[in-house]
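The structure appears below as structure tokens.
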Amino acid sequence: MTIMSIHHRTAAILAVLAIAAGPFPSPNRAQAQNAQLASCGTPACGSPNCGGSIYSTTPYGGCSSSDYSTLPYGGQMGGSFGTTSDTAYLYHSGYQGGGHMSPSQLGGGCQGTGFSGPGTMSGTGMVYTDGYSDGYSVAGASGYAGSTASMSTAGNSCGNGQMIGDAAIGGAVLVGGGAGYGNACGPADVASMPTFGSGRFGNFAPGFYGGFEFLWLRANFGQNVALIIDPPVGNTLVPFDYEHDLSPRAWLGWQSCRGTGVRFTYFSFDDEPDPVSVTAVVGATPVFVNVFGAGSNLTRNANANAGETLTSQHELKLQTYDIEATQQFCFASTQAMFGLGVRVAEMNQLLRGDVHDGGGVLQEAVTNDLDFAGAGPTASLWLTRQIMCSRFSFYSNMRGAFLIGDTDQRIYEMKGAYTTELEDRAIHREILTNAECSVGLQFGQSLTPRCGCFLRVGYEAQVWLDAGGPVNSDSSIGLDGVTFATGLAL
């Protein structure tokens with residue numbers, strides 16, 4: 001028996017088995033993305049689908065320019081099967097996309113427009129054409145039995161010119177068109193997932209994801225006081241000049257095939273502005289700084305009189321740790337991930353004001369050492385929406401937290417070149433409220449059939465209510481600035 005005869009018989013057997021088996025079960029088992037930042041495909045790019053749309057097409061070898069892979073942050077792809085394609089490789093519009101095997105020696109490319117040439121063996125495609133077992137048909141329009149194929153005329157079996165549905169294991173069956181185990185004899189249903197209100201919860205490709213973010217943030221305070229100059233008429237407040245400083249954020253997560261997962265996030269801010277110094281002169285004296293504690297029930301100060309110099313300096317350190325259960329879903333062509341968990345936060349602030357005489361001898365000093373450590377519930381929402389059919393998308397991240405913990409404030413005062421030293425201390429439980437929001441633009445790219453990355457730039461603002469400031473324990477802190485992030489999903 002010749003090799004050609006074996007191939008002919010194998011193709012015929014596959015077609016007969018497909019017809020006998022009928023539609024595959026579980027039409028609601030749609031395979032989508034495991035990426036927390038992917039967008040849902042928009043109607044302009046095919047039917048709405050949950051699977052993302054950031055990572056559109058990507059050349060691979062030279063045969064996958066239309067349908068290789070959009071995993072894991074990917075989305076809409078050029079359709080090879082007459083319907084929506086979304087993520088091509090394994091899960092969507094074709095088992096091996098537009099070819100995958102790179103240009104071959106046996107046909108029109110990638111074992112592409114013919115296994116051994118156009119129109120032979122299995123019509124316009126075989127094995128690794130635009131679908132899995134078949135491009136347009138197993139016994140299709142111009143193959144095996146010609147345009148009047150043994151099992152169909154211009155279509156074969158059932159569907160639009162392909163073995164079953166829109167591709168043998170492409171547009172409808174097993175992993176086709178985004179609808180895992182979809183309708184074998186109908187168009188692919190990328191979004192055939194159980195509905196939840198106007199959104200959808202479906203099967204997502206499981207895996208790990210993570211990212212790193214560079215935040216160029218600046219600190220702002222409700223009571224930003226470095227020192228006060230007290231001339232005969234009125235006062236002049238001199239603030240600390242905090243500038244933008246680099247702060248890191250990192251996250252690592254995993255999610256199941258149902259979109260449920262877990263995520264850990266770490267964030268840190270640590271900055272110290274330049275010291276502020278003013279020398280008191282006649283007509284502009286004293287120069288002083290007052291520190292308040294326990295709701296202004298405690299107060300200490302440092303004063304510089306004529307000829308003396310007051311120097312104030314402040315530093316702020318902040319760290320947060322988040323552990324969350326997450327759920328990914330789609331609504332209105334937008335990809336979303338909701339998180340609910342616990343945030344642990346540590347905040348340290350230190351103000352020091354030193355008064356030196358003309359000879360540089362330390363005469364007075366005051367410090368405000370303010371520490372907070374607490375934990376509480378946190379909720380987050382990550383949103384991504386594709387811009388038309390491109391690899392770009394808009395994103396927005398939001399988070400809120402209520403932190404319950406201990407505030408430990410120590411106020412130290414020294415007068416008369418260490419002749420008098422006093423220290424006040426206040427420890428009490430309190431609640432801090434934290435809210436964060438960021439918006440920006442994101443670009444996604446597939447790297448391999450199972451791996452994708454993203455780059456994004458945006459703006460973020462944070463507010464920490466009742467966190468205290470340089471001179472008290474109950475003012476608010478704000479952080480804002482530009483962010484740059486990159487991430488990877490496997």
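Since every read-out is calculated from the coordinates, none of them should be taken as a lab result. Since we're looking at a predicted model, the values are computed, not measured. Here the Cβ positions follow ideal geometry from the backbone for every residue, glycine too, while neighbour counts run over all protein chains shown.
With the largest listed first and rounded to whole Å, the semi-axes of the equivalent ellipsoid of the stretch 391-457 from the Cα gyration tensor are 51, 17, 12. Size descriptors for the stretch 203-489: radius of gyration and Dmax over Cα atoms are 23.3, 76 Å. With semi-axes defined as the square roots of five times the eigenvalues of the C-alpha gyration tensor, the equivalent ellipsoid of the stretch 342-418 measures 48, 20, 5 Å, largest first.
Quick one: go through the stretch 468-490 and flag any residue whose amide nitrogen is under 16 Å from the point 7 Å out along the Cα-to-Cβ line of F212. Residues 484-489 qualify, since their backbone N sits under 16 Å from the label point. Stretching C451 away from I404 to a fully extended chain increases their span by 13.0 nm, per 0.36 nm per residue minus the current alpha-carbon distance. Each Lys and Arg Cβ is given +1 and each Asp and Glu Cβ -1; about its Cα centre, the stretch 203-489 then shows a dipole of about 1740 debye.
Sort out for me the Cα centre separation of the stretch 397-421 from the stretch 450-490, rounded to whole Å. When both Cα centres are located, 23 Å separates them.
Across every direction, the projection of the convex hull enclosing the Cα atoms of the stretch 274-375 has a mean area of 11.1 nm². Taken over the stretch 219-300, the ratio of Cα radius of gyration to 2.2 N^0.38 Å equals 1.86. Rounded to the nearest 0.05, the FRET efficiency derived from the C-beta distance between A435 and E243 at R0 = 22 Å is 0.40. Compactness of the stretch 193-337 is given as radius of gyration and Dmax, 25.2, 78 Å, from Cα positions. Given a Förster radius of 30 Å and the C-beta distance between E346 and I387 as r, what FRET efficiency does 1/(1 + (r/R0)^6) yield to the nearest 0.05? Approximately 0.20, to the nearest 0.05.
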